[in-house]
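The values are calculated or read from the model by the stated rules, or taken from the named source; none is laboratory data. Values in this document were obtained by computation on a predicted structure and should not be read as measured data. Here the Cβ positions follow ideal geometry from the backbone for every residue, glycine too, while neighbour counts run over all protein chains shown. Protein only, heavy atoms only, side chains kept; ligands, DNA and RNA dropped before computing areas. Shrake-Rupley method; radii C 1.70, N 1.55, O 1.52, S 1.80 Å.
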Amino acid sequence: MEDCIFCKLANGEIPTDMVYEDDRIACFRDADPQAPVHVLMVPKRHIPSLDDLTEEDSDLLGYMMIKIKDIAAGEGLENGYRAVINCGEDGQQTVKHLHIHILGKRKMTWPPG
């Protein structure tokens with residue numbers, strides 16, 4: 001998608017602090033971190049939100065879920081972390097590109113918001 005900031009970050013059009021990338025996903029530090037470690041994982045293919053997923057995306061989503069633990073380990077989150085997907089306006093999704101927040105290095109509270 002031409003005007004999507006996450007697409008531009010994932011494909012290198014905008015410089016970012018890339019933590020990990022491969023042909024399917026990009027993981028970079030959040031510009032407005034909510035924890036000492038705050039990494040965003042995005043698919044390189046533009047998918048607006050969870051509501052836009054189809055059966056064909058199940059492989060990609062499974063891959064992303066498996067990679068979370070690798071990113072967390074690489075960031076030294078040995079004492080735990082939180083993985084969050086916001087969806088839609090009430091869910092506080094501010095960028096319309098599916099992404100997973102990986103947060104850690106602080107004690108999380110519940111309920112979150």
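Taking the C-alpha atoms only, the angle from helix 58-74 to the longest principal axis of the chain is near 40 degrees.
At a Cβ-Cβ separation cutoff of 4.7 angstrom, cysteine residues of the chain with no neighbouring cysteine are CYS27, CYS87. As a length-normalised measure over Cα pairs under 8 Å and 6 or more apart, the relative contact order of the chain settles at 30 percent.
Would you count, across the chain, every pair of lysines whose alpha carbons are under 21 angstrom apart, provided the pair is eight or more residues apart or spans two chains?
8
Would you mind telling me the share, in percent, of accessible area of the chain contributed by carbon and sulfur at probe 1.4 angstrom? The value for the chain is 51 percent carbon and sulfur by accessible area. For region 5-104, the solvent-accessible area with a 1.4 angstrom probe is 54 square angstrom per residue.
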